[in-house]
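Before any comments, here is the structure.
The values are calculated or read from the model by the stated rules, or taken from the named source; none is laboratory data. Please read these numbers as outputs of a predicted model, since none were measured by experiment. In this analysis, Cβ positions are derived from the backbone assuming ideal geometry, glycine residues included, and neighbour counts consider all displayed protein chains.
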Amino acid sequence: MKKFLFVFFLPAFYTAFSQDATVQDLKTESSKTITKDPNDTIPKIWKTGGLISVNLAQGSLSNWAAGGEKFSLSLNSLLSGFAFYKKNKHSWDNLATWNIGYVKTTSLGTRKNDDRVEFTSKYGYALNPKLNLSGLFNVRTQFFKGYDYPDADTKNYTSNFFAPAYVLLSPGFDYHPVKNLSIFVSPATARWTIVRPDSLRALYGVPVDKPADFQFGAYGTISYVANLGKAVSYTGKLDLFSNYRHNPQNVDVYMTNLFAAKISRILSVTYSLTLIYDDDVRQFGPHNTSAGLQVQSLFGAGLMVKFDNFTPKPPKAPAP
């Protein structure tokens, strides 16, 4: 992050024929050579920041002839933070995100509708300005218990912390053809699907007698950030994984999309779309034994605050 050196020149006024002592002093001060602090010319090797977003929606009905829920309330939030390191040919990118959401209605009570925790760490060594030799570590799970609701009176326990969790370790190449676009490809990736309770392992293709299933295959991920206008931004990621050891033609997909439109400094409207296909998760179809595309769509309006570098700005110099 570049530092700016603000230099204020005191005006020196003089006439063509005479100068008093006060004016002469001002002129002398304004003509002095100012020496820069060497530390101000050293670029930052760490860049840090984050984002907090909270969206809230509420509805109520009273004597409503068309029917509906008497009361509904939904809350969705996103917390993310990053720490990027770059020095010479070395780079190290770290990103953590947590999405959590709940919805409450009169008839159904309180239910979780979003819970995703993800951490990614990627080291890179620059081979040229656009290509890095890289190593990537990623873990994805959730914090709280999750349930499936086949009907209003039934709920089935389906998830918990590290049940499942997906852990991935991948060496490969990271290509940056343009700004804010990263394409990472690895032909040799290790991935573990971890499920702690044995009662849930069959839901995610993990052997009942083992806490984790090891997979080896090819992996690719594309990350992109773009400004679609002065107030609208897009953040997207697409992960693809092919398991060499079992049905390599059935590629697992994990895709996230976030559109954010700023209304004011802290107010925003957001829309997120998440698509997941995991060939080992066979909970769908007529007999709940087939893999299927999982889709999550969330729209909300609320608060969004960004933090960048967490470095306080230097105080302004007093006016002359």
Scan segment 179-197 and give yes if some residue there is β-branched (Val, Ile, Thr) and more than 26 Å from the chain's Cα centre (by Cα), otherwise no.
-> no
Output the residue which, of all residues in segment 100-148 that are surrounded by fewer than 18 Cβ atoms within 10 Å (Cβ to Cβ), among the aromatic types (Phe, Trp, Tyr) and under 18 Å from Ala190 (Cβ atoms), is farthest from the chain's Cα centre (by Cα).
-> Phe137
Across segment 168-200, which residue is modelled with the lowest pLDDT among those that are surrounded by fewer than 19 Cβ atoms within 10 Å (Cβ to Cβ) and among the β-branched types (Val, Ile, Thr)?
-> Val178
When you go through (1) closer than 17 Å to Ser170 by Cα; (2) within 26 Å of the chain's Cα centre (by Cα) one by one for Ala231, which number turns out not to apply?
-> (1)
Considering segment 283-300, residues that are touching a Ser or Thr at 6+ places or on another chain (Cβ under 7 Å) and hydrophobic (A, V, I, L, M, F, W, C), and then whichever is modelled with the lowest pLDDT, we arrive at Phe284
So Met304, is it surrounded by fewer than 17 Cβ atoms within 10 Å (Cβ to Cβ), of a type outside the set (Ser, Thr, Tyr) and assigned by TED's automatic domain parsing to the domain that holds Lys179 = no
Examine segment 147-163 for a residue that is among the aliphatic types (A, V, I, L, M) and modelled with pLDDT of 95 or more, and state whether such a residue exists.
-> yes
For the subset of segment 254-294 comprising residues that are under 20 Å from Thr221 (Cβ atoms) and of a type in the set (A, V, I, L, M), which member is surrounded by the fewest Cβ atoms within 10 Å (Cβ to Cβ)?
-> Leu293
Consider only pairs whose beta carbons are under 6 Å apart and that are at least six residues apart or on different chains; among these, list those whose first residue lies in segment 256-283 and is closer than 19 Å to Ser159 by Cβ and assigned by TED's automatic domain parsing to the domain that holds Ser223 and whose second residue is among the basic types (Lys, Arg) and assigned to a strand (DSSP E or B).
-> Thr256/Lys237
